[in-house]
Amino acid sequence: MSPSPWIHRMKFSAVLGPVALSLACATAGTPPPATAASEPHAATAVASPLEAAPAAAAAPASAAAPAAAAAPASTTASASATVPASAAAPASATASSVEPAIVQAGATGTAKAVAKPALAVASGKTWLQGIDISHYQPTVQWESVKASAAFVFIKATDSTSGVDPRFTTHWSGAKKAGIPRGAYHFFHPKHDVQAQVANFTKHVTPDPGELPVVVDVEEFNEEYVGFTCQQLAGMLQTFSQGVEKALGHKPIIYTNHETWKTSFCNHAWFLDHTLWLAQYTPHPSEPRLPTGWKQWHFWQYTESGKVTGIPGQVDQSYFNGSMEELKSLLKTK
């Protein structure tokens with residue numbers, strides 16, 4: 001996905017028509033005390049990361065992130081390393097009809113587009129296709145996007161004061177087009193967590209959108225270096241609880257295998273959160289789940305998709321369900 005002016009991008013997007021989605025954020029403050037990098041997470045009663053450690057450990061001296069830092073989302077060690085840059089969405093994004101597309105998957109997991117990319121049917125399951133965007137997609141023709149995206153995730157903020165310069169325009173444009181929207185925040189472990197919560201919720205509270213909000217959790221410029229899994233889990237828990245208190249629902253967690261395993265040690269406290277997994281693959285087969293999670297709700301399968309109405313490349317994701325199930329998510333999260 002794409003962070004604010006400082007961070008490059010995250011992987012998350014959504015649209016209630018036929019498009020895609022994206023998001024991210026970071027934090028510091030008073031992280032929980034240091035513990036072993038591999039804390040237990042399979043116990044029946046999951047201990048809160050904040051309760052598991054005593055006094056808070058101070059963030060590394062490099063806590064202040066330079067305002068000009070380049071966003072790394074596209075180079076995250078987890079997914080992008082194994083997927084060619086030319087990986088495109090399995091279905092054609094050039095169709096103009098507003099009828100959702102169907103992608104039929106064979107027994108091998110490969111798929112063939114028979115219409116537009118809004119709807120995919122894989123192994124008896126229905127997936128909706130969407131996108132995630134930020135200022136890296138400055139121009140969007142929303143009426144055209146509706147034909148190929150069922151939902152959209154839009155970058156709102158990052159860190160303690162960053163605001164995506166295209167957020168307001170994208171947010172209102174998607175709303176006018178009737179595409180379900182979700183806002184995302186790029187998380188910074190080395191920046192104050194409560195200030196990040198305040199920055200994010202301040203910009204989405206007036207119009208929270210139709211989809212749950214998202215927190216983009218992915219390694220960037222070694223921001224996660226110097227913390228234990230327990231400390232990072234405690235920071236993310238603080239962010240999640242702050243967002244839930246302000247907006248009434250837990251944020252979706254956008255992450256990848258490498259970040260979640262290495263920096264969070266697959267912490268079990270977050271298993272009740274909706275998962276948006278970034279895992280790039282040339283074929284629309286089921287993604288591999290991080291340890292503990294039973295299902296994925298959103299899957300960002302490419303960062304180089306093509307969508308009518310958006311010049312250049314865009315992140316594309318699937319929602320693991322039908323339109324009715326997406327509507328149910330809008331009502332309950």
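Numbers below:
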| item | result |
| --- | --- |
| Conditions (1) buried (at least 17 other Cβ atoms within 10 Å of the Cβ); (2) at pLDDT 95 or above; (3) out of contact with any His (no Cβ under 9 Å at 6 or more places or on another chain): number failed by Tyr280 | (2) |
| Criterion: more than 24 Å from Ile131 (Cβ to Cβ) and β-branched (Val, Ile, Thr) - qualifying residue of Thr160, Thr201, Thr168 | Thr160 |
| When residues of the range 235-277 are limited to those that are outside any helix (DSSP H, G or I) and of a type in the set (A, V, I, L, M, F, W, C), the one surrounded by the most Cβ atoms within 10 Å (Cβ to Cβ) | Trp276 |
| Residue, surrounded by the most Cβ atoms within 10 Å (Cβ to Cβ), within the range 176-234, restricted to residues that are among the charged types (D, E, K, R) and in a loop (DSSP other than H, G, I, E, B) | Glu218 |
| Complete set of residues in the range 265-286 that are free of Cβ contacts under 8 Å to residues at least 24 places away in the same chain and within 29 Å of His170 (Cβ to Cβ) | Leu275, Leu277 |
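Table: residues versus (1) in contact (Cβ under 8 Å) with a residue 40 or more places away in the chain; (2) surrounded by fewer than 17 Cβ atoms within 10 Å (Cβ to Cβ); (3) over 25 Å from Cys265 (Cα atoms).
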| residue | (1), (2), (3) |
| --- | --- |
| Arg288 | no, yes, no |
| Gly292 | yes, yes, no |
| Phe298 | yes, no, no |
| Gly305 | yes, no, yes |
| Gly312 | yes, yes, yes |
| Gln316 | yes, no, yes |
| Gly321 | yes, no, yes |
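The values are calculated or read from the model by the stated rules, or taken from the named source; none is laboratory data. Everything numeric in this text was worked out from a predicted model, so none of it was measured. Neighbour counts are summed over all protein chains in view; Cβ atoms, including those assigned to glycine, are modelled from backbone coordinates with ideal geometry.
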